[in-house]
Amino acid sequence: MNKRKKLKLARVEQDLTQEELANRVKVTRQTIGLIEAGKYNPSLKLCLAICKTLSKTLDDIFWEEDEKK
Amino acid sequence: MNHYEHYEWEDERIKSANNKIHSEGFVLLLYGLLILIIIRVIILGHPFHSTWDIILLFLGASLYVTLRHVLSGNFSEEYEAIQASFRHKLSMVFSGLLAGIFFTVFRLLREGFPGTAGEVIEILVSLIVFVVVFMGVGWLMRKLSHRKAYQEIDN
């Protein structure tokens, strides 16, 4: 599963909307939307903030397995 | 509390997009100034006292950008490449020669073509001095930048 789906899934598991997650990590809803759409690569700082908010590790959300494997 | 009041300034994506837009605007402005100087000085032949403010602004902005790059250690890789490879040394010499040719063409267009052998020699000497100083300053800047980059790592 790629990171955009993992992020969306983790967010939905916590019953958060894009806007609520955005408010908690102090970014705009568009930024969360763009990360989920795979159109923006967040900084490590923002990745950590998202992971902490969603009670996940960086591996859980942002690690991508090699597709050939 | 209105959540949207401060987000615009904290969102890293917006900040980075703002920086990119400002940087592109700055580059446009810098090139605009360069074109303005070329048109006024070379094409229209305006005297120096009527263009010094634009020239000073252009040189000041260029100097600021260059110094910031040097002090940030951004030329460190270039310095290492020049030290390590003949191709990079050659490209440094070529860029020096190219700048020297531009400088000489600019001078000839501004001051007219030489009439006597003495004037030709004077132009050749000034070309050589320009190329040597250009390469020397370039090499010194890269060396300083390299030193700054390693200072930051060591600290």
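Points worth noting:
- Criterion (modelled with pLDDT of 90 or more, within 14 Å of another protein chain (Cβ to nearest Cβ) and either assigned to a helix (DSSP H, G or I) or in contact with a helix residue (DSSP H, G or I) (Cβ under 8 Å, 6 or more places away or on another chain) (or both)) met by exactly one of B:Ile14, B:Ile101: B:Ile14
- Region B:112-128: number of residues that are exposed (fewer than 12 other Cβ atoms within 10 Å of the Cβ) and either outside the structural domain of B:Ala99 (by TED's automatic domain parsing) or under 26 Å from B:Ser91 (Cα atoms) (or both): 2
- Listed by first and then second residue, the pairs linking a residue in region B:24-36 that is in the same structural domain as B:Gly60 (by TED's automatic domain parsing) to a residue that is among the aromatic types (Phe, Trp, Tyr), with Cβ atoms under 8 Å apart and 6 or more places separating them unless they lie on different chains, are B:Leu30/B:Phe58; B:Leu33/B:Phe58; B:Leu34/B:Phe58.
- Scan of region B:28-37 for residues that are among the β-branched types (Val, Ile, Thr) and surrounded by 11 or more Cβ atoms within 10 Å (Cβ to Cβ), ordered by number: B:Ile37
So that you can scan it fast, the table gives a plain yes or no per residue for (1) surrounded by 12 or more Cβ atoms within 10 Å (Cβ to Cβ); (2) under 21 Å from the mean Cα position of the chain (by Cα); (3) closer than 30 Å to A:Leu44 by Cβ:
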residue	(1), (2), (3)
B:Phe26	yes, yes, yes
B:Ile42	yes, yes, no
B:Leu63	no, yes, no
B:Glu77	yes, yes, yes
B:Arg87	no, no, no
B:Ser95	yes, yes, no
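The values are calculated or read from the model by the stated rules, or taken from the named source; none is laboratory data. As the structure is a computational prediction, the values presented were derived from the model and not from experiment. FYI the Cβ positions are ideal-geometry reconstructions off the backbone, even for glycines, and counts take in every protein chain you see.
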